[in-house]
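Novice: Below is a structure I'd like to ask you about.
The values are calculated or read from the model by the stated rules, or taken from the named source; none is laboratory data. As the structure is a computational prediction, the values presented were derived from the model and not from experiment. Virtual Cβ from ideal backbone geometry, glycine too; neighbours counted across all protein chains shown. For accessibility, only protein heavy atoms count, side chains too; no ligands or nucleic acids. Shrake-Rupley method; radii C 1.70, N 1.55, O 1.52, S 1.80 Å.
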Amino acid sequence: MSAGGDGGDEQAVPAILFDGRSARRHEIAIGRDAGDLLIVHETGAIERIALAALERQGSGPWGDRLVRPDQPGWRLDIPGGLPTALAAALPAPHRYGRWIDRMGLGRAAVAFAAISAALVGVVLTAPQWLGPLVPLPVERRIGEALVGDLASATCHTPAGDAALAKLMASVDLPGQAPVRAQVLKVGMINAAALPGNRVVLFSGLFDEMKDPDAVAGVVAHELGHARKRHVMQALLRELGLSVVLAGTSGAVPVQLAKVTGLRYSREAEGEADAFARDRLSAAAISPAATGAFFAKAAKEEPAGPWMVMLASHPASADRAKAFGGAVDRSRRYRPALSPAEWQALSRMCDEDKRVRPLLDF
Ligand SMILES: [Zn+2]
């Protein structure tokens, strides 16, 4: 496209459009016609937007970025950079942080997805406070974009699903939006919280854990990360906002391994462990088995199969002591699952003939 008219002297350049209505990226071309930006859509349709309605929002790995203050979520990335004459015709570049001043922090956080790029500078220095402010639906979308739904690797049997649901319900906080739990066919000892209220258990965990009470403790710990909103925090700190958001557009594939290997701060781990002990106590499940599990890990680490899980967690000996010490000898505990339920849960991935193991680790 060659845009005519006065001042329309530039060739069309390729750009990526996010229209703010869906997470989908549109590969389009842009040009200029007098005071308007022309957008040539994939369908061939041409859209005109007054240059005065656009704001330049700095540049980064995505190239130069234009946004529309009147349309949250709308953004245009020009990987090859803005053509010089078009850049000169645009309103002055936008300074990072100005929106936050204008909107107040609370509203800025709610508009997180929309004004993401404006927040980059702030977020990279402050994931601790920003992570928990990311609205859950946004976090859920980010999670789905980063790791997908993992359906083909998720083990299912009717009895196994029921046992997992019972375990989750017994240790989770009552009256909250549900956390989705999945058992994945992965031959490693690990469990992790994923963005958007999800918890995954690797089937390798069941080869090592012989007691449903210990699985309840590990699940409760991951639930703690989810309920305390630690996941976005760690994701932002470890991967950076640009990667996290690029993930939502499908531009940068982030492997499940990266997300399940997230490191939390020592403080967050302590909170998740405290949450786990509280929830086990509320469910009348003894913390003894969880303590014994960590004691065994402490003896064997950092050898072989433990590596993955322990690399991202605090010293097992301390955790063994904290869980073991939380046992109340005067209390009557109940098993987290019946023997039949435990059998169904721990053998679920062997019995599900349809599931495909995850190998991309
Ligand atoms: Zn943890």
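Novice: Restricting attention to region 281-315, which residues are at pLDDT 90 or above and more than 15 Å from the ligand (Cβ to nearest atom)?
Specialist: The answer is 281, 282, 283, 284, 285, 286, 287, 288, 289, 291, 292.
Novice: Can I ask one more? Does residue 276 satisfy the condition of being at pLDDT below 95, in a helix (DSSP H, G or I) and of a type in the set (A, V, I, L, M)?
Specialist: Answer is no for this residue.
Novice: Quick one: in region 196-226, of everything that is modelled with pLDDT of 90 or more and assigned to a loop (DSSP other than H, G, I, E, B), which residue is nearest to the ligand (Cβ to nearest atom)?
Specialist: Only one residue fits best here, namely 197.
Novice: Which condition from (1) on the phi > 0 side of the Ramachandran plot; (2) open to solvent by 40 Å² or more (accessible area, probe 1.4 Å); (3) away from the ligand (no atom under 16 Å from the Cβ) is the one that residue 229 breaks?
Specialist: (3)
Novice: Would you be able to say whether some residue in region 166-182 is surrounded by 14 or more Cβ atoms within 10 Å (Cβ to Cβ), within 16 Å of the ligand (Cβ to nearest atom), within 22 Å of residue 352 (Cβ to Cβ) and assigned by TED's automatic domain parsing to the domain that holds residue 238?
Specialist: Yes, that holds for at least one residue.
Novice: Now a separate question. Return the pairs, sorted by first residue and then second, in which the second residue is outside any helix (DSSP H, G or I) and more than 9 Å from the ligand (Cβ to nearest atom), the first residue lies in region 268-284 and is assigned by TED's automatic domain parsing to the domain that holds residue 319, the beta carbons are less than 6 Å apart, and the residues are 6+ apart or on different chains.
Specialist: Listed by first residue and then by second, the contacts come to 271/228; 277/287; 277/326; 280/287; 284/333; 284/334.
Novice: While we're here: Would you check which residues across region 254-280 are of a type in the set (D, E, K, R) and either exposed (fewer than 15 other Cβ atoms within 10 Å of the Cβ) or more than 10 Å from the ligand (Cβ to nearest atom) (or both) and list them?
Specialist: 258, 263, 266, 267, 277, 278, 279, listed by residue number.
Novice: Right, something else. Pull up region 61-90, narrow it to residues that are touching a Gly at 6+ places or on another chain (Cβ under 8 Å) and open to solvent by 50 Å² or more (accessible area, probe 1.4 Å), then point me to the one that is nearest to residue 48 (Cα to Cα).
Specialist: In this case the residue turns out to be 71.
Novice: Check whether at least one residue in region 235-245 is out of contact with any strand residue (DSSP E or B) (no Cβ under 8 Å at 6 or more places or on another chain), aliphatic (A, V, I, L, M) and within 15 Å of the ligand (Cβ to nearest atom), and report yes or no.
Specialist: Checking region 235-245: at least one residue is out of contact with any strand residue (DSSP E or B) (no Cβ under 8 Å at 6 or more places or on another chain), aliphatic (A, V, I, L, M) and within 15 Å of the ligand (Cβ to nearest atom).
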